[in-house]
Every structure is written in structure tokens, then in C-alpha cells.
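The values are calculated or read from the model by the stated rules, or taken from the named source; none is laboratory data. A quick note: this is a predicted structure, and the numbers were derived from the prediction, not measured. Reconstructed Cβ throughout: ideal geometry from the backbone, glycine too, with neighbour counts over all protein chains shown. In case anyone asks, the SASA skips ligands and DNA or RNA and just uses the protein heavy atoms, side chains included. Shrake-Rupley method; radii C 1.70, N 1.55, O 1.52, S 1.80 Å.
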Amino acid sequence: MALQIVLAFLISFLVTMLLGRFLVPALKRLKAGQTIREDGPTWHSNKQGTPIMGGLMFIVGITAACLTAGIVAIRNGDLSHLFILAFALVFSAIGFFDDYEKLRKKQNLGLRAWHKLLLQVVAALGFVLLMRQAGNLTPELYVPFVNVFIDIPAPVYYVFVTFVAVGTVNSVNITDGVDGLATGVTIPVAVWFVVVAVLLSFQALGIFAAALLGGLIAFLFYNFHPAKVFMGDTGSLFLGGVVCAMAFVADMPLVLIPLGIVYFVETLSDIIQVVYFKITKGKRVFKMAPIHHHFEMLGWSEYKLFTVFTAVSAVFAVISFLGIMGKLTA
């Protein structure tokens, strides 16, 4: 198992690195550049024209690793990594069409919000049914820190899974607002799943998590400030799908609350800002939402944002690990 995990990491890392050498110039030639929102931070105007859809490079790297390093798991009948990949690719396709619409319209507005939401709900429901049919999903909810299981009626559990999936995917998407931020925050999450998969002997999950880790580290060479390329919705929706699917394959979706704390704080700050603005008819809680823009307004550099948010993600990864010790030692 250790050999396959190392191999998955290396394949994903190398493929992503090499593909980036060709993809970034190709996107520039195609003029697939970012259009900066008029209501966004004014200092982001220098990012205008930076290529988007860069997430394609780590998507290809992760896919290559799953289909090569994961061949042993496939032969053993463990297709979990392929379920995760399929789920994430569906969300990535939604993101790709969103990015394409932005490029076609030459503005920062892609698919309509309700169109994206509908497609995401259908994708989540499809994943639930597929996992249930394969026997990888049971309506028994594990609660971290207290180490108990709660039986939930299947229909209720399906609704819960769908809600968590759509919420997680969009939370990761919102986090992708500063150079390298979503990439950096997700790296500790990937490490967490590698460690947990090894300890629980989830071979396919470990292979996928290692591939994710390799792809993200390689992508960071292109995405770190000043970013040469953005992952776009193509990449951020893929990452959201991956994080969510790995939690369900590990059969502990509630661990996403502490493990994905940065994603959810980003989303919560956006919700609080909108609700408070409407209630007070124009007043704001934050200088700008989501919260990473608030800190930018306070003078934080993109380097500091990346470092602090990634460190917070790493700390909560450790806390999340402590929260499932009961399951690991059972």
C-alpha cells in the first residue's frame, strides 16, 4: 500500500508540473484570461488577463495517478478512488462550462446561479445512489470527538449527503479568491486523508489522497503569488467535489466541519455579510466578504493570507485527527 501511495504522489506531481509548462502558455495564446469583478478589490486589477482553467493540470495529474498507481486497488475490487474521481469530474465539468461562459461573455459572470445549483444537486444525488449501490455508503452517521454512530433513515441521509456535497463544493469555490489560497488550504486536508487512509487500511482512498497532494503541490508552483494561472471554477469545483467525496468514502462526513473550517468560515462570512446588509439596509459586518478580502482591506498581503489560512487549516487537521481517535483505535 505504501508503494502505491508514493507512486500516486509522484505521478500526479510530475504530470501536473510537466503539463503546466505547456498549458499556461497555451491558455495565454487562447486569451483565456480572468475578468476581474467590478465590485471586487480594486488592487486585484493587476490580475486582469491571468489565465484561468489552470485546474485542468492537476485534474489530469490526479486522473493519471488514479488510473496507474490505483490499478492494484481496482484489481482487488476497491473502486473508491474511481468513485471520488468520477464525482469530482462531474463538478469540474460544471465549473468548466461556467469558466467557458465567463470567457465567452468577457465578464466575471458565467452560468446562472440556479443552473449551477441544479446541476450540483443532480450530481450529488447521482453520487449518493452510486455509492449506496456499491455498498460504500450506509445511513449511519459517525460523530467525531464523541465517537458515536447515529442511525438515520435512508431518505433523510440522502438529503443530508446532497446538502453537504453542494455546500462543501461551493465553500471551496468561495475560498479560491486569492493567489494560492484554495490550493494551500487544501494541502493539509489531503495530508489528513493520506494518514487516515493508511491507518484505516483504505488503499484506494490513500492512493487518491496522495495523488491530490502531489497535484496540489505541483500546481502551487504556478498558482502561488504572483499567480501565473488560476484554477478557475474548473479546478475549485473539482477540489470541492474531491474533499466531500473523500469524507464520505471514509464514512465520516461530519469531520468536514473541523477539517474544512477555513472553507466554511469563508462561506459563513459571505452569508453574514449579505444578510446583515439587507437587514440593516446597507451596513456591513466585514469591510468586504468573503473574509479573506476583509483581511486584505486591513492590509494583509497575499503572502500573509496564504500562510495564516494554510496554517489554520493544518491546525484544524490535527484537531480533526484527534477527534476520530476513537474510530482509529476501535
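Odds and ends about this structure:
- Residue ID - surrounded by the fewest Cβ atoms within 10 Å (Cβ to Cβ), chosen from residues in segment 232-258 that are under 17 Å from LYS116 (Cα atoms) and more than 10 Å from the chain's Cα centre (by Cα): THR234
- Qualifying residue in segment 136-156 (condition: open to solvent by less than 30 Å² (accessible area, probe 1.4 Å), in contact with a Phe, Trp or Tyr (Cβ under 7 Å, 6 or more places away or on another chain) and in a helix (DSSP H, G or I)): no
- Residue within segment 179-190 that is at pLDDT 90 or above and either over 18 Å from VAL243 (Cα atoms) or surrounded by fewer than 18 Cβ atoms within 10 Å (Cβ to Cβ) (or both) present: yes
- Number of residues in segment 305-330 that are touching a helix residue (DSSP H, G or I) at 6+ places or on another chain (Cβ under 8 Å) and of a type in the set (D, E, K, R) equals 0.
- Which listed residue is closer than 27 Å to LEU18 by Cα, modelled with pLDDT of 90 or more and not basic (Lys, Arg), from PHE145, PHE91: PHE91
- Number of the condition not met by PHE160 [criteria: (1) of a type in the set (Phe, Trp, Tyr); (2) within 29 Å of LEU19 (Cβ to Cβ); (3) open to solvent by 30 Å² or more (accessible area, probe 1.4 Å)]: (2)
- Subset of segment 196-231 (residues that are of a type in the set (Gly, Ala, Ser) and either under 24 Å from PHE163 (Cβ atoms) or open to solvent by less than 10 Å² (accessible area, probe 1.4 Å) (or both)): ALA197, ALA204, GLY206, ALA209, ALA210, ALA211, GLY214, GLY215, ALA218
- Members of segment 261-277 that are among the polar types (S, T, N, Q) and either surrounded by fewer than 18 Cβ atoms within 10 Å (Cβ to Cβ) or within 24 Å of ALA314 (Cα to Cα) (or both): THR267, SER269
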